[in-house]
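Each value in this text was obtained by applying a stated rule to the coordinates, not by laboratory testing. Predicted, not measured: the structure shown is a model, and the values here were computed from it. Here the Cβ positions follow ideal geometry from the backbone for every residue, glycine too, while neighbour counts run over all protein chains shown.
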């Protein structure tokens, strides 16, 4: 039976976020739902998977808090689940930018629906920027988009300061996987003098789900943070694999290289892995392989090292 993967986020005032952790985790465990949810005073962000009925119950539980009553969630079916336990994490931010002045609760850029996106990014007066990390951009991006070549989202403020100017770039259009990074990235631009800031509602995933491939300006696959690794139009699973050591997309040559070790490293990162990280990755891969041999969907309560 297919299970459901749900991705969601919402910026909201949650000063009591720490108290929500254990009840939320217990609800997920009760319904055999696994994955990761991040809680912070600014809101919630998660990717979880489980049986359809269980997912409905967990989402209903989250929305029972009136501050999260309108929480949007993107659902898709999957034949297998490779999350191995349920984690509810407490963080300062639900997506880490490190720029306190960028608060989406106070204002974000203008949302652009997928049906209007092509016209916007085809306008020669619009600067189109991919806000994702370098390894994600390598899999695919929109035609003509700028790659900031950032290693983490926390590099965004420095990129803006060095490369974008409100006078030289009066119209900015940005996009990310599901929309959350653009909320913060656009808020940051608005606080730093940019006036016309646009971002793709629901991110690349919403565009790929609602835009016919024949009309699309997307090129390649879209990296996703779960077992699918990448998706293409219609959110069908892509053909890419990824290195668990550095998250870089792998070519067939990479997979055949002697430095490639499944679940651990690739030619790009093999020499840079510390013994401790290599040990953690080996243990995680061992547990994943064990669960697959048993035909299990997850190994919920067994300890797995964080990466």
Tell me the Rg and the Dmax, in Å, that the Cα atoms of the chain produce. 19.6, 60
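Hey, what does the equivalent ellipsoid look like for region 175-216, semi-axes from the Cα gyration tensor as sqrt of 5 times each eigenvalue, largest first, whole Å? Numbers along the way, then the final one.
Numbers: eigenvalues 121, 22, 5 Å².
The three semi-axes for region 175-216 are 25, 11, 5 Å.
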How high is the relative contact order of the chain? Use alpha-carbon pairs under 8 Å, at least six apart in sequence, and give a whole percent. 16
Mean ellipticity per residue at 222 nm, deg cm²/dmol - from DSSP H runs of n ≥ 4 across the chain, formula -39500 (n - 2.57): -8500 deg cm²/dmol
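Order of 5-12, 47-54, 205-212 by packing, highest average Cβ count within 10 Å first? Before the final figure, lay out the partial values.
On the way: 5-12: 21.8, 47-54: 19.9, 205-212: 17.9.
Ranking, from highest mean packing down: 5-12, 47-54, 205-212.
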Using a 10 angstrom cutoff on alpha carbons, build the Gaussian network for the chain and name the most mobile of 104, 249, 170. 170
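By count of other Cβ within 10 Å, fewest leading, how are 285, 169 ordered?
Values: 285 15, 169 18.
Final ranking by Cβ density, sparse to dense: 285, 169.
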Could you tell me the center-to-center distance, by alpha carbons, between region 212-246 and region 89-149 in angstrom? 17
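Suppose we keep just the DSSP beta bridges with both residues in region 98-254; what percent of those would be antiparallel, to 5?
Details: 8 of 20 bridges.
Taking every DSSP beta bridge with both residues in region 98-254, the antiparallel ones total about 40 percent.
Just for the chain, what percent of DSSP beta bridges are antiparallel, to the closest 5?
Details: 30 of 47 bridges.
Within the chain, antiparallel bridges account for around 65 percent of the total.
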For 226, 271, what ranking results if the residue with the fewest other Cβ atoms within 10 Å of its Cβ goes first? 271, 226
Return the single residue from 234, 43, 109 with maximal mean-square fluctuation; model: Gaussian network over the chain, springs between Cα atoms under 10 Å. 234
In µm²/s, what is D for region 72-202 at 4 °C and 1.567 mPa s, where D = kT/(6 pi eta Rh) by Stokes-Einstein and Rh is the Kirkwood radius from Cα pairs? 82
